[in-house]
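Here's the structure we're looking at; comments come further down.
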Amino acid sequence: MTNVENVTVVGAGTMGSGIAHVFAQSGCAVALVDQSEDLLAAGIQTIEKNLGRQLEKEKITTEERDQTLRRVAQRTDLADGAAEADLVVEAVTEKEAVKKDVFQTLDQHAPAEAILASNTSSISITWLGAQTERPERVIGMHFFNPVPMMSLVEVVRGLETTDAVYDTTEGLAEDLGKDPVEVADFPGFVSNRILMPMINEAVFCLMEGVADAEDIDTVMTLGMNHPMGPLTLADFIGLDVCLSIMEVLHTQLGDDKYRPCPLLRQKVTAGHLGRKSGQGFFGYE
Ligand code: NAI
């Protein structure tokens with residue numbers, strides 16, 4: 001792999017566990033960092049479960065599964081976990097204050113040559129770089145959920161990211177078997193800039209009574225060949241996540257076409273967050 005052997009993944013949640021999984025599977029030594037042993041154990045359990053699925057489908061052997069797991073070390077101390085990193089991928093909670101803290105600690109403790117990448121969906125890579133003394137080595141590596149299955153990675157250039165850092169990161173994504181796409185550091189990158197306004201418009205259609213939820217989704221699955229309707233997808237992503245990304249687009253691009261639909265806001269206020277809360281645009285057991 002492109003001069004990168006030691007990878008630190010910060011955050012062992014939905015995305016961090018998937019990112020640790022694919023790097024370990026490609027042969028890297030991974031230090032997985034989270035705030036407690038319990039959170040780390042949950043992350044490892046997710047990796048085990050997903051490796052189990054790959055094994056069932058005969059995509060990997062038992063030996064590959066065991067080797068992958070052996071390559072993941074668990075750390076609760078970020079400074080310690082980043083000390084040997086060639087590359088750090090940050091996948092902590094999507095809050096500026098939390099990420100700022102993590103990037104400042106990484107800047108102090110990761111080797112000077114290490115690349116600091118973020119999996120953020122909506123926070124500016126240029127801003128994250130500006131929290132460090134090495135903005136030229138800060139980049140976005142935006143994976144998609146579930147990471148072991150989805151091949152796309154948006155590789156996001158901050159204003160100061162160098163070509164060399166971009167090239168290494170793109171090469172790394174290819175080494176993982178992914179398909180990297182180069183994007184500039186604008187709110188929502190390409191994926192959420194296009195996806196979220198579509199979801200938001202579907203919610204407007206629902207609110208205005210253009211059609212009911214099921215029919216809106218049917219139009220997009222049967223008519224546009226989308227594998228999943230926008231309202232089902234919103235429930236899957238989490239309505240709170242959709243709302244907060246729309247708010248970022250609206251505030252940072254300053255165009256009213258990005259205003260979040262009042263019905264989306266109302267659902268979030270009521271705690272109807274989609275699959276994870278059992279109720280969104282549709283009901284779940
Ligand atoms: P999550 O809530 O599942 O996991 C976040 C993890 O970060 C938690 O385990 C939390 O304990 C840990 N954490 C928080 N502060 C920390 C700190 N200071 N040090 C170490 N660990 C810390 O969140 P999820 O969904 O995995 O999202 C992580 C990032 O990935 C966010 O930036 C999100 O925008 C981005 N993302 C999420 C996608 C998704 O579908 N869930 C898709 C693409 C990007």
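Are any residues in the range 77-103 modelled with pLDDT of 95 or more and open to solvent by 70 Å² or more (accessible area, probe 1.4 Å), and if so, which ones? Listed by number, the residues that qualify are Asp77, Asp80, Glu84, Ala97, Lys100, Asp101. For the range 267-282, the count of residues that are out of contact with any His (no Cβ under 6 Å at 6 or more places or on another chain), within 18 Å of Asn192 (Cβ to Cβ) and part of a helix (DSSP H, G or I) is nonzero.
Among the conditions (1) near the ligand (Cβ under 10 Å from one of its atoms); (2) more than 14 Å from Ile19 (Cα to Cα); (3) open to solvent by 40 Å² or more (accessible area, probe 1.4 Å), the only one that Asn145 does not satisfy is (2). The selection criterion, being touching a Pro at 6+ places or on another chain (Cβ under 8 Å), within 14 Å of the ligand (Cβ to nearest atom) and assigned by TED's automatic domain parsing to the domain that holds Leu172, holds for Gly18. Which residues, taken from the range 170-201, are among the aliphatic types (A, V, I, L, M) and surrounded by fewer than 16 Cβ atoms within 10 Å (Cβ to Cβ)? Hits for the range 170-201 are Ala184, Ile194, Met198. Scanning the range 124-136 for residues that are open to solvent by 10 Å² or more (accessible area, probe 1.4 Å) and within 14 Å of the ligand (Cβ to nearest atom) yields Ser124, Trp127, Gln131.
The values are calculated or read from the model by the stated rules, or taken from the named source; none is laboratory data. Keep in mind that this is a model prediction, so the values were computed, not measured. Here the Cβ is made from the backbone with ideal geometry for all residues, glycine too, and neighbour counts use every protein chain on show. With ligands, DNA and RNA removed, areas are computed over all heavy atoms of the protein, side chains included. Shrake-Rupley method; radii C 1.70, N 1.55, O 1.52, S 1.80 Å.
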